[in-house]
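Contents: one structure, followed by commentary.
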Amino acid sequence: MPAALIIESDVVLRNVVRSALTLRGFEVLDAANATEALTLLEAWCDAAPDLLIVAEAQPSSGERPVSTAVTEHILSLAPQIRILVISESTYPMVRERKALPDGCWFLQKPFTAAQFVEMIHNIFEAPIQ
């Protein structure tokens, strides 16, 4: 069974994403923030998740986005993980803030359940980078 970790502060969106993944056979853990996510990862001792879905949070005063730091940490623990960054910002804006690690996927909010499911399908059809 594939496993996914969702990091998203919006509880409604987190629940929609969790439901869509669960219906497709994923084991899902979700967190509202980076601290919760790291705690969940430490407790998830069987194996690293196959998919990380992380909301890109805009940085304050020139700092790196929190999502970037968390993603880099998770990549150090699980280098083969697939990553989907979701954001209200456009792809170029997120890229400019350096919030997208190499090889990750991007989906702009708001998105429909069908768009999300299509993205998950595309992510798992593509070779691991």
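The values are calculated or read from the model by the stated rules, or taken from the named source; none is laboratory data. In this text the structure is predicted, and so the values were computed from the model without any measurement. Positions of Cβ are generated from backbone atoms using ideal geometry, with glycine treated the same way; all protein chains shown enter the neighbour counts.
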*Of all residues in region 1-43 being touching a residue at least 40 places away in the same chain (Cβ under 8 Å) and more than 24 Å from Tyr91 (Cβ to Cβ), which is surrounded by the most Cβ atoms within 10 Å (Cβ to Cβ)?*
Ala3
*What are the residues in region 53-86 that are within 17 Å of Ala31 (Cβ to Cβ), in contact with an Asp or Glu (Cβ under 8 Å, 6 or more places away or on another chain) and modelled with pLDDT of 85 or more, if any?*
Ile53, Val54, Ala55, Ile81, Val85, Ile86
*In region 9-31, what residues are within 15 Å of Ile86 (Cα to Cα) and part of a strand (DSSP E or B)?*
Asp30, Ala31
*Residues of region 104-129 being within 19 Å of Arg14 (Cα to Cα), part of a helix (DSSP H, G or I) and of a type outside the set (A, V, I, L, M, F, W, C), which ones?*
Gln115, Glu118, His121
*Exactly one condition in (1) at pLDDT 85 or above; (2) among the aliphatic types (A, V, I, L, M); (3) more than 27 Å from Glu118 (Cα to Cα) is not met by Ala43; state its number.*
(1)
*Take the residues of region 87-125 that are among the β-branched types (Val, Ile, Thr), surrounded by fewer than 17 Cβ atoms within 10 Å (Cβ to Cβ) and at pLDDT 90 or above: which is farthest from Thr22 (Cα to Cα)?*
Thr112
